[in-house]
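J.: There's a structure below that I have some questions on.
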Amino acid sequence: MSKAKVATVWLDGCSGCHMSLLDIDEVLIDVVQKADIVYGPLVDAQEFPEMVDVTLVEGAVSSQDDLRLIQKIRSRSKLLVSLGDCAVTSNVPSMRNNIPTKVLLERAYVQGADVNHRPPTDGVPTLLRHAVPVHEVVKVDIHVPGCPPKADAIAFVVTELLSGRKPELAGKVKFG
Amino acid sequence: MPSKISIRIDGELINAQSGASLLDAALAAGKFIPSLCHMKGLSSVGACRLCVVEVAGVGRLLPACTTPVQDGMNVTTQNDKLRRYRRTILELLFAERNHVCAVCVSNNHCELQALATRLGVTSVRFPYTFPRVAVDLSHRKFAQDQNRCILCTRCVRVCAEVEGAHVWNVVSRGVGSRLVCELNRNWGDSRNCTSCGKCVQSCPTGALAEKGFAVEEMTKRPEPISRLANLRGVHS
Ligand code: SF4
Ligand code: SF4
Ligand code: FES
């Protein structure tokens, strides 16, 4: 049997969910025996592969780049998993949502800055008006809330998925 | 003199006091019906709708907290339809305000969060509304954060019915409804607030908290207030 292809992606989040993923300890050994990690911050791949079995998404969709990337990823992933509160609820990144982006950038880069009083424009993606959960822009198959989700919950989800089952998470996970 | 009557809850025959609510009767019989706006010792207002149940012969769902028991009632508290409705209600509560559990003073001690876990809410299907709402830090001891308010009115009732100060009210309608202090004063400028903290202890979420507590640090104890209310016979 060929190995499953697993990808991870880091949108607008703090990387805590990826840390929690590494925290599944020896379960990682089972995972890499059953699957290849083909894309994400943990591996060196430039382009998202043509077809992936499972993609774990950390982070809210906050910028034009996030939006383009997640749309591409959705079309190339059989199963998309929202991993953690930022992906599931938009969480901390959404705390800017009731401030217009222009006002927000001015507050941070003009009023809040000692030098270079202007918002950066080169090489940074345009912010969306709202940071939103992944499922508000593409279909998501499984939600794993938590900030970050407990390593046990991630181990359970990954193990179930790699065994061809859909993990039943009711009662096992919580927001926050 | 309250008389004993019997009702059937999920098929099981249960004795109840006449005058009791379906919710109290079910809880006394060891059943679980989710609730948020209900607090023991305060009047029941049926604000959150989480306690909806089916009563045989009644063509609509009834909130268990405001429905008095009647002899021979046949009540269903758990089925797929009720579970679906209750989950939907929780999702709408989350979508209506800004709940960021990870940085909330009540994280891990919140009735809304705990119910979401218990009822299997792992995501919110409705678009979040991200309203811009007030945070009032003007009171010397307490903080009020509308981002976390679910308009259960427990604070309103505990203040009016137990403390007798009636500081809190709800203004406006629908999603525009807001909790206000007196006639829309800052809490710190309240004329009636005795700073007793009963509203804070009764609030099921992080909307009311004591100052000086950081993320996850605010725990609450509504039970002594319920006992006090029962002693005074405010409501059974
Ligand atoms: S009030 Fe409860 S549900 Fe809302 S953010 Fe705080 S912990 Fe989460
Ligand atoms: S402040 Fe708390 S107790 Fe008062 S209505 Fe809001 S959630 Fe309920
Ligand atoms: S507990 Fe009955 S409606 Fe809220």
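The values are calculated or read from the model by the stated rules, or taken from the named source; none is laboratory data. Worth saying up front: this structure is predicted, and the values here are computed from it rather than measured. Glycine gets a Cβ as well: all are built from the backbone with ideal geometry, and neighbour counts include every protein chain shown.
J.: Filter the stretch B:93-126 for residues that are within 7 Å of chain A (Cβ to nearest Cβ) and part of a helix (DSSP H, G or I) and give the result.
T.: Listed by number, the residues that qualify are B:CYS101, B:ALA102, B:VAL103, B:GLN113, B:ALA116, B:THR117, B:ARG118.
J.: Follow-up question, since we're still on this one. Would you be able to tell me the number of residues in the stretch B:140-170 that are crowded, with 20+ Cβ neighbours inside 10 Å and more than 21 Å from the chain's Cα centre (by Cα)?
T.: Here the count works out to 0.
J.: What residue, of B:CYS181, B:CYS152, B:CYS196, is closer than 26 Å to B:LEU228 by Cα, touching a Phe, Trp or Tyr at 6+ places or on another chain (Cβ under 7 Å) and assigned by TED's automatic domain parsing to the domain that holds B:VAL105?
T.: B:CYS181
J.: Condition check: more than 9 Å from chain A (Cβ to nearest Cβ), more than 16 Å from ligand 1 (Cβ to nearest atom) and either in a loop (DSSP other than H, G, I, E, B) or more than 22 Å from B:CYS181 (Cβ to Cβ) (or both). Does B:ARG87 satisfy that?
T.: Here the answer is no, as B:ARG87 does not meet what is asked.
J.: Please go through the stretch B:1-11 and give me each residue that is loosely packed, with under 11 Cβ neighbours inside 10 Å and either closer than 20 Å to B:GLY57 by Cα or at pLDDT 95 or above (or both), ordered by number.
T.: The answer is B:GLY11, and nothing else.
J.: For the stretch B:127-186, please list each of the strands (runs of 3 or more DSSP E) lying entirely inside it that holds at least 1 residues being in contact (Cβ under 8 Å) with a residue 40 or more places away in the chain.
T.: Fully inside the stretch B:127-186 and qualifying: B:142-145, B:178-181.
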